[in-house]
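Structure record follows, encoded as structure tokens.
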Amino acid sequence: MAQLPDLSVEFAGISLRNPVIAASGTFGYGEEFAKFSDLCQIGGISVKGTSAHPIDGNPPPRLFPTASGMLNSIGLENVGVDAFMRDKMPFLRGVGCAIFVNVFGFTEDEYVEVVEKLNTCEGITAYELNISCPNTEHGGMVFGTNPGLTTRLTRRVKDRSRRPIVVKLSPNVTDIVELARAAQDGGADALSVANTYLGMAIDVETFKPRIHNITGGLSGPAIKPITLRMVYQITRALAIPVIGLGGIATGTDAVEYLLAGATAVQVGTANFHDPRAPLHVLKQMQRFLQRRGHSGVRSLIGKMNQ
Ligand SMILES: Cc1cc2nc3c(=O)[nH]c(=O)nc-3n(C[C@H](O)[C@H](O)[C@H](O)COP(=O)(O)O)c2cc1C
């Protein structure tokens with residue numbers, strides 16, 4: 001029997017069994033998805049954004065399906081870092097895949113506070129700094145759309161972190177490479193590219209916005225070509241490793257991101273349609289590699305032909 005392709009990837013001191021990670025906010029704390037999939041088969045899980053204190057999130061409606069995508073304005077509902085470490089980490093520690101804790105704060109001090117607490121907790125692979133949430137009044141995207149604030153926040157967190165820092169960029173900027181460079185200058189070990197695109201929808205019968213908060217973040221297949229372009233631009237300009245995400249629903253979507261320059265990928269909105277989406281993406285990617293006779297996934301990274 002032909003040897004199976006080597007799916008493992010390594011970047012920023014992080015080793016993944018394979019490059020497919022479940023994206024933050026779309027895969028809960030992993031446990032909710034354990035009955036659908038053998039979680040240890042996926043490369044990693046990025047948990048729901050975790051803040052210093054519990055957050056209830058925004059009032060409903062918070063989700064609205066759009067053409068080839070979805071608008072959401074969850075508002076970073078989460079249990080808070082103390083309950084996360086006490087109630088969620090024991091399960092996650094036993095899963096056997098990489099665990100990325102997505103960190104969020106309303107102020108720089110809050111980001112640092114969360115990371116310092118998480119430093120005391122075993123079983124975490126890396127921190128993913130969400131500086132890009134479009135759905136909160138303060139923080140989040142405010143940091144991620146300003147290069148100076150991005151560098152300063154990244155540096156402050158990096159100085160206090162005992163783990164690799166992956167900075168998750170906002171796509172709601174004119175020059176994504178400038179923001180990527182800002183995160184790199186602050187000491188980021190890797191980047192996640194990217195979060196959702198600010199959007200809105202209106203119900204023409206009631207004249208009301210479809211999302212209570214009026215605007216929300218657009219995700220899903222509709223955004224893939226735009227984020228793919230950003231991954232390409234960043235990896236061409238900078239040496240920092242990139243995790244690509246935005247609209248990945250199939251193995252070939254993931255391969256596109258790798259060819260554009262991503263070292264790993266995340267699967268987000270697809271989990272709402274198919275709770276086994278990360279595993280399906282992985283299996284399809286494996287079949288692609290076998291069909292094309294590639295010995296490993298690393299041979300695809302940044303290999304788009306021009
Ligand atoms: C319902 C929902 C909740 C999300 N929550 C978070 C979050 O807490 N932290 C974060 O960094 N990104 C969050 N995201 C963004 C996703 O992780 C991802 O960056 C984005 O949806 C694009 O990928 P996709 O098109 O595969 O969904 C959320 C997305 C959705 C749809």
Query raised in the report: Of the residues Gly96, Gly49, Gly69, which single one is touching a Cys at 6+ places or on another chain (Cβ under 8 Å) and within 12 Å of the ligand (Cβ to nearest atom)?
Result: Gly49
Report task. Might you let me know whether segment 239-259 holds any residue that is open to solvent by 10 Å² or more (accessible area, probe 1.4 Å) and over 25 Å from Gln306 (Cβ atoms)? Result -> yes
**Report entry** Test for Tyr111: is it among the hydroxyl-bearing types (Ser, Thr, Tyr), open to solvent by less than 10 Å² (accessible area, probe 1.4 Å) and more than 21 Å from Glu31 (Cα to Cα)
**Finding:** yes
Query raised in the report: Is it the case that segment 60-69 has a residue that's small (Gly, Ala, Ser), open to solvent by 50 Å² or more (accessible area, probe 1.4 Å) and in contact (Cβ under 8 Å) with a residue 24 or more places away in the chain?
Result: yes
Report task. Restrict the check to segment 6-19 and report whether at least one residue is over 25 Å from Ala264 (Cβ atoms) and either part of a loop (DSSP other than H, G, I, E, B) or not charged (D, E, K, R) (or both). Result -> no
**Report entry** Filtered residue count, segment 211-229, keeping only those that are open to solvent by 50 Å² or more (accessible area, probe 1.4 Å) and either in a helix (DSSP H, G or I) or not hydrophobic (A, V, I, L, M, F, W, C) (or both)
**Finding:** 6
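Per-residue answers, yes or no, for (1) part of a loop (DSSP other than H, G, I, E, B); (2) touching a strand residue (DSSP E or B) at 6+ places or on another chain (Cβ under 7 Å):
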residue	(1), (2)
Val177	no, no
Ala180	no, yes
Asn195	yes, yes
Val231	no, yes
Ile240	yes, yes
Requested in this report: Scan Val142, Val79, Val173 and give me the residue that is at pLDDT below 95, open to solvent by 10 Å² or more (accessible area, probe 1.4 Å) and either touching a Ser or Thr at 6+ places or on another chain (Cβ under 6 Å) or within 16 Å of the ligand (Cβ to nearest atom) (or both).
Outcome: Val142
Query raised in the report: Conditions: (1) of a type outside the set (Val, Ile, Thr); (2) modelled with pLDDT under 95; (3) under 16 Å from Ala254 (Cα atoms). Gln3 meets all but one. Number of the miss?
Result: (3)
Query raised in the report: Only one of Ala254, Ala262, Ala237, Ala222 is more than 28 Å from Leu63 (Cα to Cα), within 15 Å of the ligand (Cβ to nearest atom) and in contact (Cβ under 8 Å) with a residue 24 or more places away in the chain; which?
Result: Ala262
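The values are calculated or read from the model by the stated rules, or taken from the named source; none is laboratory data. Values in this document were obtained by computation on a predicted structure and should not be read as measured data. Every residue, glycine as well, gets a Cβ built from its backbone with ideal geometry; the counts of neighbours run over all protein chains shown. With ligands, DNA and RNA removed, areas are computed over all heavy atoms of the protein, side chains included. Shrake-Rupley method; radii C 1.70, N 1.55, O 1.52, S 1.80 Å.
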